[in-house]
Amino acid sequence: MLKIFLSTVLLLASLPGMGQILKKPIPEKTVVLTFDDGVASHYSTVAPLLLEYGFGGTFFVCEFPPNFYDSTLYMNWRQIQELDRMGFDVANHTHHHAAVGNLTEEEILKEITYIEEKCETLGIKAPLGFAYPGYSMSETVLEVLVKKNYLFARAGGSRAYNPLEDHPYLIPSWATDSKNEKEILEAIKQAKNGNIVVLTIHGVPDLEHPWVNTPPKMFKKYLEFLKQHKYNVISLEQLTAYIDFKEARNQFKADLNKGLKN
């Protein structure tokens, strides 16, 4: 079965355009972990566990209003800087967790540029990726991402990411919470045949937003499952080893309906 899959991938790579998108075949069982909102537990709980398991991760950071400066709820910029030093991917979630789909181009640029400038000031690598706060999006946001030369942007949709079909500014994901453990474990199993499973995780725990809370015990269960079943667990940035995001952006038209959360 594996030989058939690899032959199919190589055939796709030989077709016009497809070979330019895939730099090399996507490993079976590839899962991407992403973490939203700069929650305090990302530094205190998540990062140590990822290091322990040898997994990658992308942290979409913002200054979540109104309580960003409450260190019991959110990371400070020194801690975000430390995530970068640990080798994790720090990415853009706007300054104020803004519903960018409702903003003008000027307002969107201001929200995105703030995070870029904070990263530059602190010596954090320039963000390559963006995540839509609340899955709010518009054609204007897509245009800004092109102007700012972002490689990828993560959305919702609760389905697997196929880099040979999905626009890189509309990478789908599943969001975890305290009640959907069975759904997430089943979703992880869809990481096969060139498809990548992307998970969106908020606080572990999330004290201020319990509806997107992932209990630490549940999060560790996911990590154990991924480790036990030998999944390739990486960040979005690490996907650049396999995918030419700029080429995919040139080839695919962004369909905003595919980026909306189910």
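The values are calculated or read from the model by the stated rules, or taken from the named source; none is laboratory data. As the structure is a prediction and not an experimental result, all values here were calculated from the model. Cβ atoms come from the backbone with ideal geometry, glycine included; neighbour counts cover every protein chain shown. In case anyone asks, the SASA skips ligands and DNA or RNA and just uses the protein heavy atoms, side chains included. Shrake-Rupley method; radii C 1.70, N 1.55, O 1.52, S 1.80 Å.
Count, please, the residues in the range 126-151 that happen to be closer than 16 Å to E63 by Cα and open to solvent by 10 Å² or more (accessible area, probe 1.4 Å).
The number of residues fulfilling the criteria is 2.
Within the range 162-179, restricting attention to residues that are among the aliphatic types (A, V, I, L, M) and farther than 13 Å from V32 by Cα, which residue is most open to solvent (accessible area, probe 1.4 Å)?
Restricting to residues being among the aliphatic types (A, V, I, L, M) and farther than 13 Å from V32 by Cα, the top hit is L164.
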Expected single match for in contact with a helix residue (DSSP H, G or I) (Cβ under 6 Å, 6 or more places away or on another chain), surrounded by fewer than 22 Cβ atoms within 10 Å (Cβ to Cβ) and not aromatic (F, W, Y) among K182, K189, K227, K221 is K227
Please find, among K246, K258, the residue that is out of contact with any Pro (no Cβ under 6 Å at 6 or more places or on another chain), among the charged types (D, E, K, R), open to solvent by 40 Å² or more (accessible area, probe 1.4 Å) and within 18 Å of G157 (Cβ to Cβ).
K258
What is the residue count in the range 163-179 for residues that are within 18 Å of P215 (Cα to Cα), in contact with a helix residue (DSSP H, G or I) (Cβ under 9 Å, 6 or more places away or on another chain) and not small (G, A, S)?
3
Taking the range 65-77 and keeping residues of a type outside the set (A, V, I, L, M) and within 19 Å of the chain's Cα centre (by Cα) leaves Y74
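So, in the range 218-262, exactly how many residues are at positive phi and of a type in the set (V, I, T)?
0
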Residues (open to solvent by less than 10 Å² (accessible area, probe 1.4 Å) and out of contact with any strand residue (DSSP E or B) (no Cβ under 7 Å at 6 or more places or on another chain)) located in the range 101-120
I108
Out of (1) open to solvent by 30 Å² or more (accessible area, probe 1.4 Å); (2) at positive phi; (3) free of Cβ contacts under 8 Å to residues at least 40 places away in the same chain, the one G123 does not meet is (3)
Would you call I21 buried (at least 21 other Cβ atoms within 10 Å of the Cβ), in contact with a helix residue (DSSP H, G or I) (Cβ under 9 Å, 6 or more places away or on another chain), under 19 Å from K230 (Cα atoms) and at pLDDT 95 or above?
no
Hey, any hits in the range 252-261 for a residue that's assigned to a helix (DSSP H, G or I), among the charged types (D, E, K, R) and in contact with a Gly (Cβ under 8 Å, 6 or more places away or on another chain)?
yes
For G203: the one exception among (1) touching a residue at least 24 places away in the same chain (Cβ under 8 Å); (2) open to solvent by 40 Å² or more (accessible area, probe 1.4 Å); (3) more than 30 Å from E139 (Cβ to Cβ):
(2)
Can you tell me how many residues in the range 24-44 are open to solvent by 40 Å² or more (accessible area, probe 1.4 Å) and either among the β-branched types (V, I, T) or under 26 Å from W77 (Cβ atoms) (or both)?
2
Condition (residue is open to solvent by 20 Å² or more (accessible area, probe 1.4 Å), more than 20 Å from the chain's Cα centre (by Cα) and not β-branched (V, I, T)) applied to the range 78-100: is it met by at least one residue?
yes
